[in-house]
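The values are calculated or read from the model by the stated rules, or taken from the named source; none is laboratory data. Quick caveat, the model's predicted, so the values are computed rather than measured. A quick note on method: Cβ atoms are made from the backbone with ideal geometry, for glycine too, and the neighbour counts reach across all protein chains shown. Just so you know, the surface numbers come from the protein's heavy atoms only, side chains and all, with ligands and any DNA or RNA stripped out. Shrake-Rupley method; radii C 1.70, N 1.55, O 1.52, S 1.80 Å.
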Amino acid sequence: MLNEITLIRTQLLEHPMYKEVNTAEKVKVFMKHHVFAVWDFMSLLKRLQRSVTSVSVPWFPYDKPLFTRLINEIVVAEESDIDGKGGYKSHFELYLDAMTEVGADLIPINSFLNDLKNGKSVSEALQDKNIPQSAAEFVSFNLELAEKGELHEVAAAFFYGREGLIPEMFKPLLDSLIVTGKSSERLIFYVKRHIEVDEEHHGPLAEQLLLELCEKDPRKIEQALQIGEKCFQLRSELWNGVLNEINELS
């Protein structure tokens, strides 16, 4: 299983989409799809925060303060990171700023969020015809996991599919964006910031949390690897969706 997940991860990091994001129009396509992954990340994080920290009133300390520390450190940065302009914003808001700057299509993500605010379920909101199918499948999996998955499974998606993957995944994309000069200041800031905080800090914290939650239980370790493999497959499908739309431009 470990060999299989390593192979799938390597294939994902070599996805042809990265080199194709080399014009202003292609950057816009990428962002229209990718913003859904930026958004649903926070639901995974909030499930972990709700489960391993104390958020009830009256308050009582969670019985494993190490977990509380790990997650709260990540929450601070993801939900209220420096914005590069002297203030603070969530990474999702930073991404929306970058989309606005490059003129990317905000209709799909805004329509989706408005539907949720107006009472539609996630599955209902994802049926919007403006939402790319691969993005809808990506979000559907992660939201169901955040709501119904066992805690070690959520932590597996958080580590394998996000914090342990993003630095390596974003580096070739960043190189492409910088070399071609077809990006925006805000997108470059967002990508660099993610590489910095995930590689140096959040990735190791997320891995530590996953290991602690698996408790050296072979069943939990196997389930975590299965979730990790599924996350890589869905990310690859998300990139396929981007690549397909990019190919339609030519």
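Can you tell me which residue within region 219-250, out of those that are over 16 Å from the mean Cα position of the chain (by Cα) and under 24 Å from residue 207 (Cα atoms), is surrounded by the most Cβ atoms within 10 Å (Cβ to Cβ)?
Here the residue is 224.
Of the residues 104, 77, which single one is more than 20 Å from residue 200 (Cβ to Cβ) and touching a residue at least 24 places away in the same chain (Cβ under 8 Å)? Please lay out each step first, then the result.
On the way: 77 fails: more than 20 Å from residue 200 (Cβ to Cβ).
Just one listed residue meets the conditions, 104.
What are the residues in region 1-53 that are part of a loop (DSSP other than H, G, I, E, B), open to solvent by less than 40 Å² (accessible area, probe 1.4 Å) and not hydrophobic (A, V, I, L, M, F, W, C), if any? Please lay out each step first, then the result.
The first filter runs over region 1-53 and keeps only residues part of a loop (DSSP other than H, G, I, E, B), leaving 1, 14-16, 21-23, 53.
If we keep only those that are open to solvent by less than 40 Å² (accessible area, probe 1.4 Å) as well, we get 15, 21, 53.
Selection gives 15, 53.
State whether the residues of region 162-171 include one that is without any contact (Cβ under 8 Å) to a residue 12 or more places away in the chain and either out of contact with any Leu (no Cβ under 7 Å at 6 or more places or on another chain) or within 28 Å of residue 98 (Cβ to Cβ) (or both). Write out each step before concluding.
Of region 162-171, the ones without any contact (Cβ under 8 Å) to a residue 12 or more places away in the chain are none.
No, every residue in region 162-171 fails to be without any contact (Cβ under 8 Å) to a residue 12 or more places away in the chain and either out of contact with any Leu (no Cβ under 7 Å at 6 or more places or on another chain) or within 28 Å of residue 98 (Cβ to Cβ) (or both).
Tell me which residues, restricted to region 136-145, are touching a residue at least 40 places away in the same chain (Cβ under 8 Å) and open to solvent by 40 Å² or more (accessible area, probe 1.4 Å).
Scanning region 136-145 gives 137, 141.
Answer yes or no as to whether residue 213 is within 23 Å of residue 100 (Cβ to Cβ), crowded, with 20+ Cβ neighbours inside 10 Å and either out of contact with any Phe, Trp or Tyr (no Cβ under 6 Å at 6 or more places or on another chain) or not basic (Lys, Arg) (or both).
Values: within 23 Å of residue 100 (Cβ to Cβ): no; crowded, with 20+ Cβ neighbours inside 10 Å: yes; either out of contact with any Phe, Trp or Tyr (no Cβ under 6 Å at 6 or more places or on another chain) or not basic (Lys, Arg) (or both): yes.
Judged against the criteria, residue 213 is not a match.
Scan region 1-27 for residues that are closer than 24 Å to residue 184 by Cβ and over 18 Å from the mean Cα position of the chain (by Cα) and report the count.
9
Being more than 14 Å from the chain's Cα centre (by Cα), under 17 Å from residue 51 (Cα atoms) and without any contact (Cβ under 8 Å) to a residue 12 or more places away in the chain is the requirement here; does residue 148 meet it?
Values: more than 14 Å from the chain's Cα centre (by Cα): yes; under 17 Å from residue 51 (Cα atoms): yes; without any contact (Cβ under 8 Å) to a residue 12 or more places away in the chain: yes.
Answer is yes for this residue.
Tell me, which residue of region 114-135 that is assigned to a helix (DSSP H, G or I) and touching a residue at least 60 places away in the same chain (Cβ under 8 Å) is nearest to residue 48 (Cα to Cα)?
Pass one, region 114-135, residues assigned to a helix (DSSP H, G or I): 114-117, 122-125, 133-135.
Among the residues that remain, those that are also touching a residue at least 60 places away in the same chain (Cβ under 8 Å) are: 133-135.
On the way: 133: 27, 134: 25, 135: 22 Å.
Filtering region 114-135 for residues that are assigned to a helix (DSSP H, G or I) and touching a residue at least 60 places away in the same chain (Cβ under 8 Å), the one nearest to residue 48 (Cα to Cα) comes out as 135.
I need the full set of residues from region 161-205 which are under 24 Å from residue 143 (Cα atoms), in a helix (DSSP H, G or I) and in contact with a Gly (Cβ under 6 Å, 6 or more places away or on another chain), in order please.
163, 203
Could you go through region 64-75 and let me know if any residue there is open to solvent by 50 Å² or more (accessible area, probe 1.4 Å), within 16 Å of residue 39 (Cα to Cα) and either modelled with pLDDT of 90 or more or out of contact with any Cys (no Cβ under 7 Å at 6 or more places or on another chain) (or both).
Step one: of region 64-75, the residues open to solvent by 50 Å² or more (accessible area, probe 1.4 Å) are 64-66, 69, 72-73.
Next, only the ones that are within 16 Å of residue 39 (Cα to Cα) stay: none.
Scanning region 64-75, I find no residue that is open to solvent by 50 Å² or more (accessible area, probe 1.4 Å), within 16 Å of residue 39 (Cα to Cα) and either modelled with pLDDT of 90 or more or out of contact with any Cys (no Cβ under 7 Å at 6 or more places or on another chain) (or both), so the answer is no.
Just checking, how many residues over region 76-99 are surrounded by 13 or more Cβ atoms within 10 Å (Cβ to Cβ) and part of a helix (DSSP H, G or I)?
Final tally of qualifying residues: 13.
How many residues does region 44-61 contain that are small (Gly, Ala, Ser) and in contact (Cβ under 8 Å) with a residue 60 or more places away in the chain?
Total satisfying the criteria: 1.
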